[in-house]
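Below is one structure, written out as structure tokens, with a few remarks after it.
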Amino acid sequence: MKTMFNTPSPSPAPTEDGPPRVRFTGLSAGYPGRPVLHQLAAAIPAFAVTALVGPNGSGKSTLLGVLAGVIHPTAGELHHDGDRPPAFVPQRGAVGDTLPLTVRQTVEMGRWSDRGPWRRLTRRDHTLVDTAMERLGIAHLAARQLGELSGGQRQRTLIAQGLTQESDLLLLDEPTTGLDPEAREQIATLLTELVTDGVTVVHATHDLEAARSADACLLLRDGRLVEQGHPEQVINPSTLARIWQSA
Ligand code: ADP
């Protein structure tokens, strides 16, 4: 297994044919005694939104964990063509709504990866936090507790936390699941806008509308890659039947 971080390619073509930000071949991974991903080969295009699509348990979160570097492959090769570690935005449900944290404190935690939790934030850190909150339209909620927010506002808080890590690769686990249609639309639009800011976005989803607005899709079933390409090509009744049959 080889992991590499290189300087990003200069060409910002936002298509599934653009230069890859991440490539992997023969990639297998899982948990102790539980193999999950089997021999995956794919390229994640740079400066594009890629959706990982599949039913529950198909291995989407595990693949995100591998891309994030928190789950180590048991076989295969993984190449990162970027100069910053990825930023990972966890599922909303994984973040305690009852934690006594404000929106600002939650977004500030994004700076811990550079600064560690016990060091004071610098002026630059505060600027990055303010900029991310403004970018996500949550600056007016800065003093509110996470538990008081709507699902969409909480999701935007977590994405702002990811943005403060200043990565060129943003990984999100089910960012639109459980949101109302308007909030889902807002998040999908936002992900597309982030690409024009120079970010590569990968999100796991079983929301087909969210997948259709992506630039590229990887369809997973039982830890295997069933199909990959532009959503118009890969999301069709035949492929959907293959990944959702008796799922
Ligand atoms: P998805 O994100 O598509 O729902 P996951 O990657 O979360 O799929 O899960 C794939 C498989 O891995 C499932 O069978 C799940 O039960 C198993 N799994 C997930 N996390 C763990 C873990 N920490 N330990 C053992 N098995 C796990």
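The values are calculated or read from the model by the stated rules, or taken from the named source; none is laboratory data. What you see is a predicted model; the values in this text were computed from it and never measured. So basically every Cβ, Gly included, is an ideal-geometry build from the backbone, and we count neighbours across all protein chains shown. The accessibility values were calculated without ligands, DNA or RNA, using every heavy atom of the protein model including side chains. Shrake-Rupley method; radii C 1.70, N 1.55, O 1.52, S 1.80 Å.
Taken together, the residues in region 1-25 that are modelled with pLDDT of 80 or more and open to solvent by 20 Å² or more (accessible area, probe 1.4 Å) amount to 4. Would you pick out the residues in region 63-86 that are assigned to a helix (DSSP H, G or I), in contact (Cβ under 8 Å) with a residue 60 or more places away in the chain and open to solvent by less than 10 Å² (accessible area, probe 1.4 Å)? Of everything in region 63-86, those that are assigned to a helix (DSSP H, G or I), in contact (Cβ under 8 Å) with a residue 60 or more places away in the chain and open to solvent by less than 10 Å² (accessible area, probe 1.4 Å) turn out to be L63, L64, L67. The set of residues in region 46-62 being within 20 Å of D207 (Cα to Cα), assigned to a loop (DSSP other than H, G, I, E, B) and more than 8 Å from the ligand (Cβ to nearest atom) consists of A48 alone. Sub-7 Å Cβ pairs linking a first residue in region 167-186 that is open to solvent by less than 10 Å² (accessible area, probe 1.4 Å) to a second residue that is assigned to a loop (DSSP other than H, G, I, E, B) and among the aliphatic types (A, V, I, L, M), at least 6 apart or interchain, are L170/V199, ordered by first then second residue. The residues of region 153-164 that are open to solvent by less than 30 Å² (accessible area, probe 1.4 Å), of a type outside the set (G, A, S) and within 13 Å of V199 (Cα to Cα), listed by number, are I159, T164.
Can you tell me which residue is surrounded by the fewest Cβ atoms within 10 Å (Cβ to Cβ) among those in region 201-242 that are β-branched (V, I, T) and farther than 30 Å from P85 by Cβ?
For region 201-242, the residue satisfying everything is T239.
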